[in-house]
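The values are calculated or read from the model by the stated rules, or taken from the named source; none is laboratory data. What you see is a predicted model; the values in this text were computed from it and never measured. In this analysis, Cβ positions are derived from the backbone assuming ideal geometry, glycine residues included, and neighbour counts consider all displayed protein chains. To get the accessible areas, we keep the full protein, side chains included, count just its heavy atoms, and leave off ligands, DNA and RNA. Shrake-Rupley method; radii C 1.70, N 1.55, O 1.52, S 1.80 Å.
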Amino acid sequence: MSRLPKNLAADENSVVTVGSIKSQRYFAAHVNAGDETQEGFKPVLVLTRTNRDNTYEPFKLIELSSFSDLSVQIKDGAIYIRRDVAHHGTYFTNYKFMPSGASFRLVAMETQSITPVQYDGVNEHIVLWEGASVNFLASRVTYWAKAFEMNEPKEQRAWQQALKQHQSGVTPSVRARRTVRISHVKASQLDIQDFDPGEFNTDFLCCYFDHRLRFHNTCQ
């Protein structure tokens with residue numbers, strides 16, 4: 001059972017994010033909800049409302065494998081939870097939650113990757129920068145992609161710049177793109193109370209661009 005420390009900001013290892021949404025202050029912290037032993041270390045991300053007397057009202061806790069699993073921003077009237085992964089390329093998914101009654105609802109997500117292409121088992125020295133921008137309110141997703149021919153010095157320089165943009169969450173202005181409607185997403189998936197980034201079902205993302213920027217739709 002996770003037990004939060006009394007002072008969420010007291011742990012010197014904690015990572016803290018603060019912000020306001022509709023005059024309500026919010027606080028996100030990565031903290032150890034276990035004990036001080038190596039075996040008892042239990043990193044969690046906790047989201048709370050902050051009262052005027054600086055007490056906390058936690059409303060969401062996500063168990064982590066390490067403090068670097070997720071990052072949080074509270075800005076523009078929303079809470080953003082981002083997950084980064086590096087494995088044969090770099091990947092991230094950024095989830096945007098906005099107030100909905102007494103809770104928060106997932107209204108948009110951006111997923112991106114930059115990966116070397118291996119097509120039919122053959123490395124073609126192509127790097128593919130691709131992503132999907134999902135608008136759950138409109139039930140639409142825009143897929144996009146940009147390819148870099150790594151045998152060309154000019155393309156290599158463009159790829160290096162793309163890596164910086166990717167890390168910042170920027171999408172390329174010149175790209176192949178296609179917008180399609182998405183199938184129904186369960187309402188329970190969209191409520192922050194039931195949100196688990198490790199279990200989030202992305203079966204509705206069933207289209208993609210290949211390394212030659214041809215669009216494929218595999219939706220059932």
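Between segment 153-220 and segment 43-87, what is the separation of their alpha carbon centroids in Å? Value for the Cα centre distance between the two parts: 23 Å. How would segment 25-93 be classified by its alpha-carbon gyration tensor: rounded, prolate or oblate, with rounded meaning a/c under 1.5 and the a/b versus b/c comparison settling the rest? Oblate shape, in that a/c is at least 1.5 and b/c is the bigger or equal ratio. Ordered from highest to lowest accessible area with the whole protein assembly present and a 1.4 Å probe, TYR80, TYR95 read as TYR80, TYR95. Derived from the Cα gyration tensor, the three semi-axes of the equivalent ellipsoid of the chain are 35, 21, 16 Å, largest first. Pairs of Lys residues in segment 76-217, spaced 8 or more positions apart or belonging to different chains, with C-alpha separations under 20 angstrom: 4 in total. Taking the 0 to 90 degree range and rounding to the nearest ten, how far is the long axis of helix 153-168 tilted relative to the main principal axis of the chain, both from C-alpha atoms? Computed tilt is about 20 degrees. For the chain, the cysteines with no partner cysteine C-beta closer than 4.7 Å are CYS207.
Charges were assigned to the Cβ only: +1 to each Lys and Arg, -1 to each Asp and Glu. The resulting dipole of the chain about its Cα centre is roughly 1040 debye. Taking 0.36 nm per residue of sequence separation and removing the Cα-Cα distance, the GLU57/VAL170 pair yields an extension gain of 37.4 nm. Taking R0 as 41 Å, what's the FRET efficiency between VAL16 and ALA158 from their Cβ-Cβ distance, rounded to 0.05? Approximately 0.65, to the nearest 0.05. With R₀ set to 22 Å, the beta-carbon distance separating ALA187 from VAL85 gives a calculated FRET efficiency near 0.25.
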